[in-house]
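Asker: Sharing a structure with you now.
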Amino acid sequence: FVRREMPDKRSNELFAKAYVFKADFEPDHTVEVWAHEDFGSPEAAEVYVRLLAEAIGQQPAMLRRALKHVVLHVGSETAFAEEQAGFFVIYSENMDARIGTHDLQETVFHESAHVAWERAHATADGWVAAQEADQGFITRYAARKPVKEDVPESALFAFTVLNHPGRLPADVEATVRAVMPHRLSYFEAIPGFVVEPADGAVQSDLEPDP
C-alpha cells in the first residue's frame with residue numbers, strides 16, 4: 001500500500017491507501033493507476049486495472065499522453081476528471097456497466113478529453129465563436145453544461161468523423177456535420193487531432209509498483 005490523493009464523490013477524505021500499477025505505453029509514456037485499498041487485494045484490483053489500461057491504449061496518442069494517472073475506486077459513481085492535475089477518477093461498477101453497453105472506451109475518451117483540452121479550449125475565443133456560429137449542441141449534456149462538457153462531448157464525435165469518416169451510421173455523421181461544422185473546423189486545426197493512419201491502438205505493459 002501507498003498513500004495517494006484519491007478524490008471520491010462519496011467522501012470529503014482526500015487521501016487513502018492504494019495499490020499502484022504502472023501501464024507503460026508506446027511511444028515512451030507511463031500512466032499510473034491508483035486502485036483503492038477497498039479492492040481488498042492487488043489481484044482483485046488488477047482485473048479492473050487491465051481493462052482500464054486496454055481502454056487507455058485505444059485512445060488517441062494526444063489523449064493518452066495528457067494523462068498522468070487514473071484513480072480507480074470500488075463503486076458505482078460516474079467518472080469525473082481533474083483536468084488541472086492531469087487525471088480522472090473512475091469506479092469499478094460503473095466500468096462494469098460501461099463494458100456491458102460497449103461504452104468504456106467512450107468514457108475514457110471523454111474524461112481524457114477533459115484533461116487534454118478543457119483548460120486550453122473550453123473558454124477560448126475561437127471555441128466560443130464556433131459554439132455561437134453552430135447554434136446548437138451535439139448532445140443534451142453538452143447543452144446543459146456548455147462550458148464544462150461541450151468540448152469533450154463534441155470531441156468524441158469530431159474525432160470519429162474527421163479520422164474515420166463512415167464509421168458512424170450515415171444519419172449520425174450527417175447530424176454531426178450539420179450541427180457542429182464550425183466546431184469540426186476548430187478541432188481539425190488542433191495539432192495532432194487528425195492523426196496518421198498508423199496512430200491506432202497501443203498495447204500496454206502492466207506491472208504493480210512495488
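The values are calculated or read from the model by the stated rules, or taken from the named source; none is laboratory data. Everything numeric in this text was worked out from a predicted model, so none of it was measured. Heads up, the Cβs are rebuilt from the backbone with ideal geometry, glycines too, and the neighbour counts pull from every protein chain shown. Heads up: the accessible areas ignore ligands, DNA and RNA and are worked out on the full protein's heavy atoms, side chains in. Shrake-Rupley method; radii C 1.70, N 1.55, O 1.52, S 1.80 Å.
Asker: Do we find that Ser185 is of a type in the set (Ser, Thr, Tyr) and either open to solvent by 60 Å² or more (accessible area, probe 1.4 Å) or farther than 17 Å from His110 by Cα (or both) in this structure? Please lay out each step first, then the result.
Answerer: On the way: of a type in the set (Ser, Thr, Tyr): yes; either open to solvent by 60 Å² or more (accessible area, probe 1.4 Å) or farther than 17 Å from His110 by Cα (or both): yes.
When the stated conditions are applied, Ser185 passes them.
Asker: Among Asp28, Asp24, which is touching a Leu at 6+ places or on another chain (Cβ under 9 Å), open to solvent by 40 Å² or more (accessible area, probe 1.4 Å) and at pLDDT below 95? Give the steps one after another, and end with the answer.
Answerer: On the way: Asp28 fails: touching a Leu at 6+ places or on another chain (Cβ under 9 Å).
It is Asp24.
Asker: Does Ala35 count as more than 12 Å from the chain's Cα centre (by Cα), assigned to a loop (DSSP other than H, G, I, E, B), among the aliphatic types (A, V, I, L, M) and closer than 17 Å to Pro7 by Cβ?
Answerer: Details: more than 12 Å from the chain's Cα centre (by Cα): yes; assigned to a loop (DSSP other than H, G, I, E, B): no; among the aliphatic types (A, V, I, L, M): yes; closer than 17 Å to Pro7 by Cβ: yes.
Criteria not met by Ala35.
Asker: Just the residues that are farther than 19 Å from Tyr19 by Cβ and of a type in the set (Gly, Ala, Ser), please, taken from segment 80-116.
Answerer: Selection gives Ala81, Ala85, Gly86, Ala97, Gly100, Ser112, Ala113, Ala116.
Asker: Okay, next question. Just to be sure I understand, how many residues within segment 108-131 are farther than 13 Å from Ala155 by Cβ and within 16 Å of the chain's Cα centre (by Cα)?
Answerer: The total comes to 1.
Asker: What's the total number of residues in segment 1-13 that are more than 16 Å from Tyr91 (Cα to Cα) and without any contact (Cβ under 8 Å) to a residue 24 or more places away in the chain?
Answerer: Counting residues in segment 1-13 that are more than 16 Å from Tyr91 (Cα to Cα) and without any contact (Cβ under 8 Å) to a residue 24 or more places away in the chain gives 3.
Asker: From Arg140, Arg64, grab the single residue that is of a type outside the set (A, V, I, L, M) and open to solvent by 20 Å² or more (accessible area, probe 1.4 Å).
Answerer: Working: Arg64 fails: open to solvent by 20 Å² or more (accessible area, probe 1.4 Å).
Arg140 is the lone residue from the list that is of a type outside the set (A, V, I, L, M) and open to solvent by 20 Å² or more (accessible area, probe 1.4 Å).
Asker: Now a separate question. Mind checking which residues of segment 66-86 are among the acidic types (Asp, Glu) and more than 15 Å from Pro152 (Cβ to Cβ)?
Answerer: Residue satisfying the conditions is Glu77 alone.
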